[in-house]
1. In the list 116, 109, which residue meets the criterion of being away from the ligand (no atom under 16 Å from the Cβ), part of a strand (DSSP E or B), farther than 20 Å from residue 230 by Cβ and not assigned by TED's automatic domain parsing to the domain that holds residue 226?
2. Considering each of 151, 90, 105 in turn, give the residue that is within 24 Å of residue 235 (Cβ to Cβ) and touching a residue at least 12 places away in the same chain (Cβ under 8 Å).
3. Conditions: (1) at positive phi; (2) buried (at least 24 other Cβ atoms within 10 Å of the Cβ). Residue 135 meets all but one. Number of the miss?
4. Can you find even one residue in segment 222-229 that is away from the ligand (no atom under 15 Å from the Cβ), within 24 Å of residue 169 (Cα to Cα), modelled with pLDDT of 95 or more and surrounded by 20 or more Cβ atoms within 10 Å (Cβ to Cβ)?
5. Looking at segment 10-33 only, could you name the residues that are touching a strand residue (DSSP E or B) at 6+ places or on another chain (Cβ under 9 Å) and within 16 Å of residue 67 (Cβ to Cβ)?
6. Would you tally the residues in segment 60-97 being closer than 20 Å to residue 166 by Cα and more than 11 Å from the ligand (Cβ to nearest atom)?
7. What are the residues in segment 265-291 that are over 16 Å from residue 179 (Cα atoms) and either free of Cβ contacts under 8 Å to residues at least 12 places away in the same chain or in a helix (DSSP H, G or I) (or both), if any?
8. Of the conditions (1) part of a helix (DSSP H, G or I); (2) surrounded by fewer than 19 Cβ atoms within 10 Å (Cβ to Cβ), residue 150 clears all except one; give me its number.
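The values are calculated or read from the model by the stated rules, or taken from the named source; none is laboratory data. As the structure is a computational prediction, the values presented were derived from the model and not from experiment. Here the Cβ is made from the backbone with ideal geometry for all residues, glycine too, and neighbour counts use every protein chain on show.
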Ligand code: NAD
């Protein structure tokens, strides 16, 4: 069992830290708003007073922060992880950030004597609570093997997909697929509603066929009840589709459906819906349909 520090105890980071406690690790948490640290302590963890405090004495440091600048701010600089973690410490970044930033920070970590993996996750808050996340990991194979006990405590499908940064590339593809699916589901539900179809019955039968998906199971219900509490905030999906757009351009590929949905997500965020769950795309379809 290891000393694991978790930095970023939000919707995802807190349940992941709690599952690490349950797996028998000594878990120290740090978060910008201290109330989240108190929740980890109540679940059997320890609290750190700063990033540096969390970094010192850890075998493994797991970061779960919103965006590329947040991760960079936490790991770099005189108060950051790289300056305070002992040589050989394994840094696992589970946040969703830009692949090029992940690659650069992995190089910086190596230069500081640390080992680094990008290990973004999919499965949402439910997957984090149940410890069954899908984890796409970029970095050295030996470091992937070393991370097994920690990643195994928070995830179920854990795959090494290539060198540093490639976990983030796979995660960007994940976010493209999920965004297009949510938009398609929202359009289908508004369509069915307009035809006066029993929506419960329709979702049940659609779920049993080729249209069935986790998106349909988890997000369809939220659309039916118009309850868009997050979950996964639209503002974060806006960030992720920005990553998809930039990485598509860099690779010279076109992602036309992704571009359309990115525009619809930006519209929702610009109209003040960034704090809603991404199933809140449904609101935009209602509006476009005059309903
Ligand atoms: P969140 O906003 O709920 O949590 C982020 C946490 O980081 C917050 O508690 C915040 O206080 C803390 N934080 C921010 N800056 C900090 C700093 N400098 N020092 C310490 N703490 C700081 O976000 P989330 O939903 O948990 O998502 C985290 C990451 O995981 C994002 O990159 C997101 O895209 C990704 N993700 C989220 C989901 C989901 O369903 N919510 C699923 C998969 C991946």
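1. Sole residue among the options that is away from the ligand (no atom under 16 Å from the Cβ), part of a strand (DSSP E or B), farther than 20 Å from residue 230 by Cβ and not assigned by TED's automatic domain parsing to the domain that holds residue 226: 116.
2. Of 151, 90, 105, the one residue that is within 24 Å of residue 235 (Cβ to Cβ) and touching a residue at least 12 places away in the same chain (Cβ under 8 Å) is 105.
3. Here residue 135 meets the rest and fails (1).
4. No, every residue in segment 222-229 fails to be away from the ligand (no atom under 15 Å from the Cβ), within 24 Å of residue 169 (Cα to Cα), modelled with pLDDT of 95 or more and surrounded by 20 or more Cβ atoms within 10 Å (Cβ to Cβ).
5. 11, 12, 13, 31
6. Kept after step one, since they are closer than 20 Å to residue 166 by Cα, are these residues of segment 60-97: 61-72, 75, 90-97.
If we keep only those that are more than 11 Å from the ligand (Cβ to nearest atom) as well, we get 61-62, 90-92.
The total comes to 5.
7. The answer is 270, 271, 272, 286, 287, 288, 290.
8. Going through the list (1) part of a helix (DSSP H, G or I); (2) surrounded by fewer than 19 Cβ atoms within 10 Å (Cβ to Cβ), residue 150 breaks only (2).
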